Each structure stands twice: as structure tokens, then as C-alpha cells.
Amino acid sequence: MKYRMKMTLAAIAMVVGLGNGIPQAMAQDAQDPVSYVNPYMGNISHLLVPTFPTIHLPNSLLRAYPERADFTGDRLNGLPLIVTNHRERSAFNLTPYQGETSGLKAVLPLSYDREQIAPYLYQVYLDELEAEVEFAPSHQSAIYRITFEKDSPSYLVFNSRKGMLKVTGNVVQGYQFVDDKTKVYLYAVLEGQPQGTGVWKDGQFDKSLQTAEGIDAAVVWELGNQAKAYTLRYGISFIDEAQAKKNLEREIASASLEQVAETGRQVWNKALGKIQVQGGTDDEKRVFYTSLYRCYERPVCLSEDGRYYSAFDGKIHEDGGRPFYTDDWLWDTYRATHPLRVLIDGQVEGDILHSFLLMAKQMGNNWMPTFPEITGDTRRMNSNHGVATLIDAYRKGIRSFSLEDAYTACKAGMEEKTLIPWSAKPAGWLDEFYKEHGYIPALNPGEKETVPHVSIWEKRQPVAVTLGTSYDQWCLSQIAQELGKQDDAKHYLKRSYNYRNLFHPETRFFHPKNKDGEFIMPLDYRYDGGLGARDYYDENNGYVYRWDVQHNVADLIQLMGGNERFTSALDSLFNVPLGMSKWQFYSFLPDHTGNVGMFSMANEPCLHIPYLYNYAGKPWMTQKRIRTLLNMWFRNDLMGVPGDEDGGGMSAFVVFSQLGFYPVTPGMPAYNIGSPLFTDARIDLGNGKFFEIKAHNASTENKYIQSATLNGKPWDRPWFTHADIAGGGVLEVEMGPKANKQWGTLVPPPSADPLPEK
């Protein structure tokens, strides 16, 4: 292929085989972190598809990945132009073809080989077609070079699955409906003129037509008979075709593929280079930087020359000089992805949070979004965790959004919108019940659902919603406190203890109750609750939700009977067997993969759990668990991610945990210390400030902290505050092969304030 992936001045040959899917021969240069990224990591998993090998620039509108049935598929479904919503097929499709026109189709399956992917460059050989393909993205535009190696009639087919395309000379333009109200627009230019143009319609190539419309609308460039390389550039937009053209001309009007790829490489190195690591193995660095790359896949910036389309009201807006972001799966990303961005890119995080508040107003109800996507707020999953991102950022010094507006939108989202999962309906009976009784009631076995708008599939998820809302209301109480709304702060702090209403004093689990206040019996915390345990929990079982009190671990310890019972229950979580065959277990809980006992490394509600030993006087167990989980489930190979990687949700856990600390409670400006994997890590906090973690002697064997200093002072607690590092700082730890069971045992990490006296 004509362009080879570069790293500084060195050319990198990437050899990828279907046997392992690992890019080889990436240079060992710590100054070039993008060379460690392996987009194939985690493309295959036990049940769900964890990751896609995505080619894009950080948080950019244009994303693409090879479209095939799954990683093992040996046919590409044409070539991608843009992926609008993650895990969905391309909005437009490009298919190169040689042969008689009778063989043309809107999309052709392409046999391929020698595929190579970096975040900024895609290369593949279409073996049956005998054509080389190279692709490099910019932010809102991209470039393809397609080289036909044999003399034969050659064509390029553009397809819009539902929309309109028009071909005029060397220009193709048009749109595709993403949903009923949202369109994505395309403007593509061929370098040079085609020999002919036309429309593929009703199984024929019609050269008398220029416009195709409807399902599988397809237009064609007829290129000629000679073996030759063809270059095309295109821009995309959510505003209109004219803006797509402007985006193309602004970014890559005359740039070569080599120039676009090199610019992309530099952009990625700048983003990933905000964290520099040394020590560790080569594979550990690959896992680290690949995980960090995953944290930049969403949300995406929709601003185009100072304007953006918002699906939240279906209108075009001026952005006022602040980029507008969307496509953020908050149920997954509030836990670690947002806190990570607070550390390494506070300006972007502030713009994202400002965008959330604009969305709330644009929707007309001023409800804080829960699952903002390109097509609007899809209200997926449960609870209202956007509130956590706002108070967490504010308490860590990001003030580029209105906290008063945040409070209004978050409060309205909890009080006026229903707590029913996957619903955007106004509050109803279940919500009134929650306000009066402090929990969501479960149905008795065999009892029919009578509450409107409860999904037959997603159910009430009563324990998950009660626990999640308790945390959200704690976050809301903290915003009220910051704003001086003392009565509201006390009110929501009291409600943040609602998880107690479902705590079973005998089993010491969170247990569903019916509307009469009776615990549902009998109940097996491993399996009961239907598919995905949604009758009671959500995607995970009762063993996982036993720990879903992020804001008040101290109170949870007391409920369980003290430190020893608490840590014994944690140990049990990691040791209780499935109790049935794997295929039976996963037929109940397909999201509950990555098992260590009943612990599921594959699902976000588990991410904070290994750090909970810190709260109960056993930090050494947190250190042991974290290293074991990282080594077991996150690897530089095709199955190197144990389950759904939702928009950086799981990858941010890896980034934090390999660095050696983790934000257990977003909204509480403190970090739990784990087990630093690298001997040296340097985080660029911005404004010339850096936080460094020096882990002397850290290795696979030396995973236990022997002693520590923070900013030069002896440190004997398994946590530190954001204020400790906000101005820059150094955490220095001595690592060893055996646990120091005395270190960090005296002062546990902070939890919520006690209930106010009556």
C-alpha cells in the first residue's frame, strides 16, 4: 500500500492476522502513545460485542469502522463513510466494483485481507476484487484512495439506505434519515472526472438518471477500464449538504491521504499524550493506551462553523463560540469516563456539561438528559445519573456551566419525569409511591403489570431504580448545598438514605418489596428476576446490587454489621459459584459476563466494588483484587475486554486502575488508591500542572503498597482528595510482593454525611 502508518520518522508495518487480531511491530516510543493503540482489542467476547475497531479523531463527528457481521466475518458490507450511532451500521456506504454492470448492487459484499487499523488510518486489500483501499479521517470529513490493480470496467457505488443521493459529474451529494427527524448529509468529490454517472435502480445501471431516492438509494461513478488509483474526499454534516461541502473544504480540500493521516496521528498523540506512562510490560502499555483511546469515542462534537443541529428540538442553533456535544451513555460513563475527562480535559468536560443543560431546555421540559444521542435523549437504562457528572465536575473546579441551571434541570428530571426505566413519560403512580414510601415496589410472582408505560421487556427494575435514585438524590443534595439551599439539601440528603428501605436485615442484601411492604419470598439472589434480573434488578443480579451504595459505603458497612462482616461478604461475592452451567447462567444474565464468582467484570455497576475493601480496613485486598482483575480480563488480544465497553465506561476503569487510583463516588472529590501498575505515570492536568504517580519496584509480583508519600509527606490513608492534586502533586509508593496489612487501615475514604437530626 502506498501509505504506511508512521510513528515520528519510523514507518510501521502492521501485520494483522485473524488468528489474534493484534497489530504487530508497534514501536516502543513512550513519546508516541498512539502506536500502542490496538483497535482490535476486545472485538470478540463471550456473548456481547464489546468493542468495534473504530477509526476517528478524538470526540469527532466522523467515526467509521469496517462493517461486517462480526470480527470473524470474511466479507465487508461495502466501505463505511460515517457511523452515526455507535453499534449501528454506516449511514452511507461506498462499494468499489469491477466487471459488467449486471453485477452492480447498492451494496456488495467484499472479500478482504491484510486489514490494518490505527485510530487515524484504515487499510485493507480487497482480494477478489484485487484493489487496495486506504482511508484517513478528519473531524467532519475524510479521504479514500482506492487502487484497482487490474484492467477492467471500474465503478464506485454510493448508497443511502433511506434517503436521497444525487450525482453530478465528480460530485455526489445527498442525505440519509438517521431516524424520522434527523438527517445526516454527504458531499463527496472525486479527484478528476468520471467517465460516466448514473443511478442503480431496479437491478439496472441507468445512466440517464442523476438522482436516487428511497430505500437503498444508489448512485454510480463509472471510472473506466484501466488499473488506476482513485482518490475521493467527502464531508458530512447534520445541517445540510452545503455545510457538508464547507466542512470538506475547510478541513481537507487539497490534502493528500498521507497528510490527513499524519495530522490525525499528531492529534491522537496530543490527546493520548496527556498521560505518559513508563515501566510495565509492552502489553500493559497497549492495554492502557487502547483503553484511553476508547474514552475519546464519545461524546461527539456537533458544532460546524459555529452552528449545530440539535435533535432535542429538531432545530439548527448558533453555538455562541462553545462546541455542542452529544452521544453520551450516561448510565455507563458517569462512573469513570467523566471523572477522567475532568482530570485531563476540563475545558471539554465543561462544554459537554453545558451542552447537557442546553439539551434540557431544548426538549421543552427542562429535564436533565439521561442518554443523549445524535437522535436526541433516548432515555435508556434507569436513574438520572447526569446529576453526578455535574456535581463531580463542579467540586473539582470546573465552573464553566451554570450550577443553578443544573440544579433546576436535575431536580425536574427526578421529580417531574417518571423513574420508570427507558421512559420519558411524566411522573405517575410509581413515582408517587416512591415519594411516599421511599422505594419502588416490585410485583409479586405472577402479578400482572398494570402501571402504564412500564416496558414489557425492561420491567420496573425496582431495586436498581431505588438504589440509583438514592445516589442521584444524594448528588442533588450536594448541588443544593453548594447553592445554599439548605432545606432542599437536607430533604434530598434524607432521601439519599432510601436504599435502607430495601435492605433485608437477615440476608443483608438489597431485596425487592411489594407495594404492601413485604419482601418477595423466596428469592435466589443469583438468578431470580427474569431475563437480566429486570423484575428486580437490572442486567446484574442481587449479588452485584448489594454494593450499589456508592455515596454511603460507611452506612452500608454498618448495615452489614461492621468491617469484618462487610469484607467477608465482599470475599463471598468473588467466590460464590454460578451454581449451574455457564450456558444456563448466561441465559438468565447475558450481560453478567467476566465472572469471578458472582462479580461481573463485564458490567459497569461492578466497577467500584474492588475498591470497597479500602473502607473496611483492608486496602491490601483492594490492591490484590484490582491487579487480579486487570490481569485476568483486560488483555491485548481479540478477547481482551470481558463485556460491553459502553462509550468509555469500562475503559476508564482500566485507565484509572492501571494508574493506581479510582473515583468510587463521583460527586465526592476524593479518589481511592489501588495498586499502581506502572513505575512512573504523569498526568497533564492543564495550565502547566502535573500529577505524578511513582510506584517504586512496581511489577507483576510487586502489587502491594508498603508505604507512601503524597506531595512529599508520609501518607497512610488509602485515598486522597482532588484538592491534594489539583495544583499538581506526586504520589510516591513503595511496592512489594507481600501485603503490608497495616498500611492505610486507620482512616477510611469519606462517605455521605449522617442523616440530619429530626
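Just a few scattered comments:
- Angle in degrees between helix 282-294 and the longest Cα principal axis of the chain, rounded to the nearest 10: 80 degrees
- Rounded to the nearest whole Hz, the Karplus-based 3J(HN,Hα) values (6.51 cos²θ - 1.76 cosθ + 1.60, θ = phi - 60°) of the stretch 736-749 follow the sequence x, x, 10, 5, 8, 6, 9, 5, x, 9, 8, 10, x, x, with x at glycine and proline.
- Restriction of the GluC sites (Glu not before Pro) in the stretch 106-149 to DSSP coil positions whose beta-carbon has at most 16 other beta-carbons within 10 angstrom yields Glu128, Glu130, Glu149.
- Per-pair calculated FRET efficiency, R0 = 22 Å: Arg399 and Lys270 via Cβ, rounded to 0.05: 0.35
- Listed by chain and number, the lysines placed with their C-alpha closer than 18 angstrom to that of Lys285 are Lys270, Lys274, Lys694, Lys703; residues fewer than eight positions away on the same chain are left out.
- Taking a sphere under 15 Å around the Cβ of Asp74 and counting the other residues whose Cβ falls inside, with K and R at +1 and D and E at -1, yields a net charge of -3.
- For Phe433 and Phe177, a Förster radius of 35 Å and the Cβ-Cβ distance give a FRET efficiency of 0.30, rounded to the nearest 0.05.
- In the stretch 605-671, Cα pairs under 8 Å separated by at least six residues give a relative contact order of 25 percent.
- Calculated mean residue ellipticity at 222 nm for the chain: -7500 deg cm²/dmol, from DSSP H runs with n ≥ 4 weighted as -39500 (n - 2.57), summed, divided by the residue count and rounded to 500.
- Lysine pair count for the stretch 124-235 with Cα-Cα distance under 18 Å and sequence separation of 8 or more or different chains is 7.
- Relative contact order (%) - criterion: Cα under 8 Å, at least six apart; region: the stretch 6-272: 17 percent
- Partner lysines for Lys459 [C-alpha distance under 21 Å; skip if fewer than 8 residues away on the same chain]: Lys417, Lys425, Lys435, Lys448, Lys513, Lys515
- Karplus 3J(HN,Hα) series, Hz, for the stretch 555-563 with 6.51 cos²θ - 1.76 cosθ + 1.60 (x for Gly, Pro): 5, 4, 4, 5, 4, 7, x, x, 4
- Using the Cβ of Phe585 as centre and a radius below 14 Å, the other residues enclosed give a net charge of -2, where K and R count +1 and D and E count -1.
- A straight line joining the Cα centroids of the stretch 414-442 and the stretch 49-96 runs 38 Å.
- Here's how it looks for Gln706: its modeled amide H is under 5 Å from those of Glu734, Met735, Gly736, which are all 5 or more places away or on a different chain.
- Extension gain for Ser152 to Ala242 (0.36 nm times residue separation, less C-alpha to C-alpha distance): 28.9 nm.
- Within the stretch 164-246, trypsin sites (Lys or Arg not before Pro) in DSSP loop having at most 14 other beta-carbon neighbours inside 10 Å: Lys181, Lys207
- Near Pro441, once Lys and Arg are set to +1 and Asp and Glu to -1 for all other residues with Cβ below 13 Å from its Cβ, the sum equals -3.
- Mean-position separation - Cα centroids, the stretch 309-364 and the stretch 219-277, in angstrom: 25 Å
- Amide proton proximity set for Ile82, modelled H, under 5 Å, gap of 5+: Ala91, Phe92
- Coil-residue GluC sites (Glu not before Pro) of the stretch 698-758, DSSP, other Cβ within 10 Å capped at 12: Glu701, Glu757
- Helix 462-482 and the longest principal axis of the Cα set of the chain meet at an angle near 80°.
- 3J(HN,Hα) along the stretch 175-185: 8, 9, 6, 7, 8, 5, 10, 10, 10, 10, 10 Hz, from the Karplus curve 6.51 cos²θ - 1.76 cosθ + 1.60 with θ = phi - 60°, whole Hz, x for Gly and Pro.
- For the pair Glu701 and Asp487 in one chain, pulling the backbone fully straight at 0.36 nm per residue adds 71.9 nm over the alpha carbon distance.
- Within the chain, percent of DSSP bridges classed antiparallel, to nearest 5: 95 percent
- Put simply, the convex hull of the Cα atoms in the stretch 6-272 casts, on average, a shadow of 14.1 nm².
- Cβ-to-Cβ counts within 10 Å put Thr466, Thr622 in ascending order as Thr622, Thr466, the fewest first.
- As a length-normalised measure over Cα pairs under 8 Å and 6 or more apart, the relative contact order of the chain settles at 12 percent.
- Shape call, the stretch 205-301: gyration tensor on alpha carbons, a/c limit 1.5: prolate
Any read-out appearing in this document is the output of simple, stated calculations on the displayed coordinates, not a laboratory observation. Since this is a predicted model, take the numbers as computed values, not measurements. In this analysis, Cβ positions are derived from the backbone assuming ideal geometry, glycine residues included, and neighbour counts consider all displayed protein chains.
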